[in-house]
């Protein structure tokens with residue numbers, strides 16, 4: 001089967017966090033060939049399970065970076081948080097699962113009235129307990145270092161006062177990691193200044209000054225994102 005889509009194409013290295021995408025230039029891509037190894041998705045009968053395994057139930061158009069480092073727009077996918085797999089549709093609208101590592105990174109923007117929520121997920125990070133190089137993390141930074149969020153869903157059973165039997169539902173859990181591309185270290189985030197300074201040790205003096213000047217305790221995700229953004233800016237000069 002062949003799926004020819006008109007997709008915009010550029011180099012990911014030129015746009016960083018998927019910003020500045022030029023959607024006026026288009027190129028045909030054989031998406032099904034690019035996603036070689038895709039397997040059909042068979043929906044299990046989870047009618048008794050509350051919730052959904054997906055980040056978003058509907059298919060959404062995304063910017064997608066394939067393993068050849070090029071980025072394409074207009075690809076409809078949805079992300080399964082239970083399996084950490086990307087689902088797409090073939091020419092006949094059959095739901096397929098992309099093979100490991102074929103899609104390196106994807107970005108979607110969801111509009112809710114006047115507001116929008118943007119998600120960027122990427123793989124290719126070092127293995128850690130329970131993960132592999134094919135595991136997708138939500139990326140809050142793009143550069144020498146990244147602050148990452150691993151979102152997982154699993155089915156759990158809980159007893160409620162309203163039911164006799166336990167109720168099955170999808171339970172979502174978050175874990176946060178810091179990655180330093182210079183040291184190739186990926187470590188689960190620990191709150192506090194000492195951990196961040198250790199992870200960003202190659203610029204520890206500059207980072208420590210920035211933290212003190214801005215009175216950051218590095219115990220919140222906002223603080224860590226801000227510190228890593230500053231760290232990455234040191235390499236842009």
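Within region 136-152, can you find the residues that are surrounded by fewer than 20 Cβ atoms within 10 Å (Cβ to Cβ) and closer than 18 Å to residue 53 by Cβ?
Hits for region 136-152 are 138, 149, 151, 152.
Pairs only if they're at least six apart or on different chains, beta carbon under 6 angstrom, first in region 218-230 and touching a residue at least 24 places away in the same chain (Cβ under 8 Å) and at positive phi, second surrounded by fewer than 18 Cβ atoms within 10 Å (Cβ to Cβ) and part of a helix (DSSP H, G or I); list them, first residue then second.
Cβ pairs passing all conditions: 218/193.
Is it the case that residue 140 is within 17 Å of the chain's Cα centre (by Cα) and either over 15 Å from residue 81 (Cα atoms) or at pLDDT below 95 (or both)?
yes
Looking at region 62-75, which of its residues are surrounded by fewer than 20 Cβ atoms within 10 Å (Cβ to Cβ) and farther than 27 Å from residue 126 by Cβ?
Matches in region 62-75: 74 only.
Could you figure out which of (1) out of contact with any helix residue (DSSP H, G or I) (no Cβ under 8 Å at 6 or more places or on another chain); (2) surrounded by 13 or more Cβ atoms within 10 Å (Cβ to Cβ); (3) within 30 Å of residue 235 (Cα to Cα) isn't true of residue 133?
(2)
Which residues, counting only those in region 76-97, are part of a loop (DSSP other than H, G, I, E, B), at pLDDT 90 or above and crowded, with 16+ Cβ neighbours inside 10 Å?
81, 84 - these are the residues of region 76-97 that are part of a loop (DSSP other than H, G, I, E, B), at pLDDT 90 or above and crowded, with 16+ Cβ neighbours inside 10 Å.
Restricting to region 169-205, and then to whatever is assigned to a helix (DSSP H, G or I) and in contact with a helix residue (DSSP H, G or I) (Cβ under 7 Å, 6 or more places away or on another chain), can you tell me which residue is surrounded by the most Cβ atoms within 10 Å (Cβ to Cβ)?
Among those that are assigned to a helix (DSSP H, G or I) and in contact with a helix residue (DSSP H, G or I) (Cβ under 7 Å, 6 or more places away or on another chain), it is 196.
Looking only at region 98-125, count every residue that is at negative phi and modelled with pLDDT under 85 and tell me the total.
The number of residues fulfilling the criteria is 8.
Scan (1) modelled with pLDDT of 65 or more; (2) under 22 Å from the mean Cα position of the chain (by Cα); (3) within 29 Å of residue 170 (Cα to Cα); (4) surrounded by 11 or more Cβ atoms within 10 Å (Cβ to Cβ) for the single condition residue 35 breaks and write down its number.
For residue 35, the failing item is (1).
When the residues of region 98-121 are narrowed to those that are in a loop (DSSP other than H, G, I, E, B), in contact (Cβ under 8 Å) with a residue 24 or more places away in the chain and out of contact with any helix residue (DSSP H, G or I) (no Cβ under 8 Å at 6 or more places or on another chain), which ends up surrounded by the most Cβ atoms within 10 Å (Cβ to Cβ)?
98
The values are calculated or read from the model by the stated rules, or taken from the named source; none is laboratory data. The structure displayed is predicted, hence computed values, not measured ones. Neighbour counts are summed over all protein chains in view; Cβ atoms, including those assigned to glycine, are modelled from backbone coordinates with ideal geometry.
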